[in-house]
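Have a look at the structure below, then the notes.
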Amino acid sequence: MVGLKKALTGKNLASGWMYFYIHFAMEVLCFFCVRKQMGNSAFFWLFPFAYDILAFVPQSVIGYLNDRFPKFNAGLTGTVLMIIASVMFAAGGFPRYFVLVILCAGNALTHVGGAEVTIRSSNGRLSHPAVFVSGGAFGVITGTMLAKTDMPYWPVILFMISAIPFTLIAQKYRNAGESAQELCKAFNYAKKGVPASVILLVSFIIVALRSYMGYCLPMEWKTTSLHSVLLYVAMGTGKAVGGILADAYGVKRIALLSSILSLPFILLGNKIMLVSLIGIMLFSMTMSITLALNVSVLKSAPGLAFGYTTAALTFGVIPIFFVKISSYAINSVIVSALTVICIAAMLATIGKDEKING
Amino acid sequence: MDKISYVMNSLLWGQVKTGFAVLMVLTAVIIILSVIFTAREFKKAGRTDDAQEPAADNGGVSDSDNTD
């Protein structure tokens with residue numbers, strides 16, 4: 001815990017904001033491309049499914065490789081790959097799954113680059129990766145909305161190009177010359193005495209369950225595009241605020257409080273937008289906490305630790321491609337039960353809150 | 001009938017099942033590789049599965065030690 005003022009003005013927090021912008025631009029581009037390509041064809045099922053698998057699951061292996069070769073600028077390489085893929089989509093005539101693989105490789109590399117830079121520069125704080133991660137929610141909804149218009153590809157591609165200077169500057173924060181073990185030594189959020197493999201497994205389960213829960217949240221109020229925008233704004237804000245509050249008031253305290261408080265707001269907010277948005281913001285706050293848990297037991301490989309969380313996110317989404325439950329009662333039971341499981345899992349794995357070196 | 005049910009109940013499912021299988025195999029390979037890499041990292045850190053390394057000594061650092 002470092003206090004709210006220090007959490008908001010933390011050393012090297014600029015790395016988080018730079019990758020917030022890169023992440024935002026990246027998701028705008030990716031969701032614009034994927035939504036445009038889906039259209040109304042038979043590809044609409046497999047295309048987003050393939051995107052989720054190809055972009056998010058390989059991040060653990062890419063992260064591990066980037067841990068081994070820290071001077072490699074994954075963010076820049078990924079950004080360039082995404083630009084190439086979007087130009088190919090815009091030009092047309094290329095096999096669309098081939099282009100999708102390039103787009104996803106770029107997405108995965110840039111995610112890993114963001115994780116490496118923000119974790120290695122944070123000195124054990126969560127606000128840096130939390131700010132980076134939050135940019136994605138804003139980008140997803142912006143890209144989705146833009147894809148519904150007649151806008152051509154080039155303005156979105158230009159927007160992605162504008163992120164290139166940030167990938168170069170942010171790399172300076174990575175401290176590539178120093179060992180990850182040394183840079184991540186202040187990440188000590190796992191409960192002492194719990195085997196590292198158990199921490200990783202439980203963290204994986206928490207992320208997967210919460211990812212699945214995200215699609216079960218009852219939201220009858222969400223009927224317009226503006227409502228969707230507000231939903232993603234609440235999600236993005238919650239992710240960033242969760243990391244900042246965890247630094248200020250303690251990881252365990254924020255993880256438990258946000259999980260417990262989110263439940264009544266989510267259930268009672270089925271038809272009341274403001275109440276629901278508060279619940280969703282609280283619900284999103286644990287994002288960086290599970291990442292910090294992973295890094296705590298994999299200090300020498302922060303990229304690999306990050307990759308576990310993105311793989312878990314994908315695992316949580318997979319059932320949604322097959323079954324979607326629309327009953328308020330059933331969803332309420334699922335959300336309540338899974339929240340209890342996640343809280344128990346967090347109690348079992350997150351260590352006591354201590355001061356961290358700012 | 002929603003879009004998902006439409007795909008699942010129609011011939012379109014036949015068109016996507018190969019792609020689905022390929023993606024699942026890829027996922028399995030990546031997860032196995034991740035577990036191997038993790039085990040290697042644990043081993044390198046001198047950490048066995050049931051002996052997590054003690055927390056680093058940063059608990060005594062006060063706010064006044066911050067450099068920012």
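The values are calculated or read from the model by the stated rules, or taken from the named source; none is laboratory data. These numbers were taken from a predicted model, which means no experiment stands behind them. Here the Cβ positions follow ideal geometry from the backbone for every residue, glycine too, while neighbour counts run over all protein chains shown.
Considering each residue of segment A:42-64 in turn, at least one proves to be in a loop (DSSP other than H, G, I, E, B), within 10 Å of chain B (Cβ to nearest Cβ) and surrounded by fewer than 21 Cβ atoms within 10 Å (Cβ to Cβ).
Of note, A:ILE343 does not satisfy the criterion of being touching a helix residue (DSSP H, G or I) at 6+ places or on another chain (Cβ under 7 Å), over 30 Å from B:MET24 (Cβ atoms), away from chain B (no Cβ under 14 Å) and buried (at least 20 other Cβ atoms within 10 Å of the Cβ). Taken over segment A:255-265, the residue count meeting the criterion of being within 18 Å of the chain's Cα centre (by Cα) and surrounded by 24 or more Cβ atoms within 10 Å (Cβ to Cβ) is 1.
Residue pairs whose Cβ atoms lie under 8 Å apart, separated by 6 or more positions or on different chains, with the first residue in segment A:164-182 and at negative phi and buried (at least 20 other Cβ atoms within 10 Å of the Cβ) and the second outside any helix (DSSP H, G or I) and modelled with pLDDT under 85, are A:TYR173/A:ASN12. Only one of the numbered conditions (1) more than 10 Å from chain B (Cβ to nearest Cβ); (2) closer than 24 Å to A:LEU230 by Cβ; (3) not in a helix (DSSP H, G or I); (4) not β-branched (Val, Ile, Thr) is not met by A:ASP353, and that is (2). Selection of segment A:300-324 for residues being over 17 Å from A:TYR212 (Cβ atoms) and buried (at least 24 other Cβ atoms within 10 Å of the Cβ) yields A:ALA301, A:PRO302, A:GLY303, A:LEU304, A:ALA305, A:PHE306, A:GLY307. Restricting attention to segment A:186-203 and to residues that are over 12 Å from A:ALA292 (Cα atoms) and among the hydrophobic types (A, V, I, L, M, F, W, C), the residue that is farthest from the other protein chains (Cβ to nearest Cβ) turns out to be A:VAL202. For segment A:58-71, does any single residue satisfy the condition of being at pLDDT below 90 and over 20 Å from the mean Cα position of the chain (by Cα)? Yes, the conditions are met somewhere in segment A:58-71. Of B:VAL35, B:VAL16, B:VAL7, all but one fail to be at pLDDT 90 or above and either facing chain A (nearest Cβ under 7 Å) or in a helix (DSSP H, G or I) (or both); the exception is B:VAL35.
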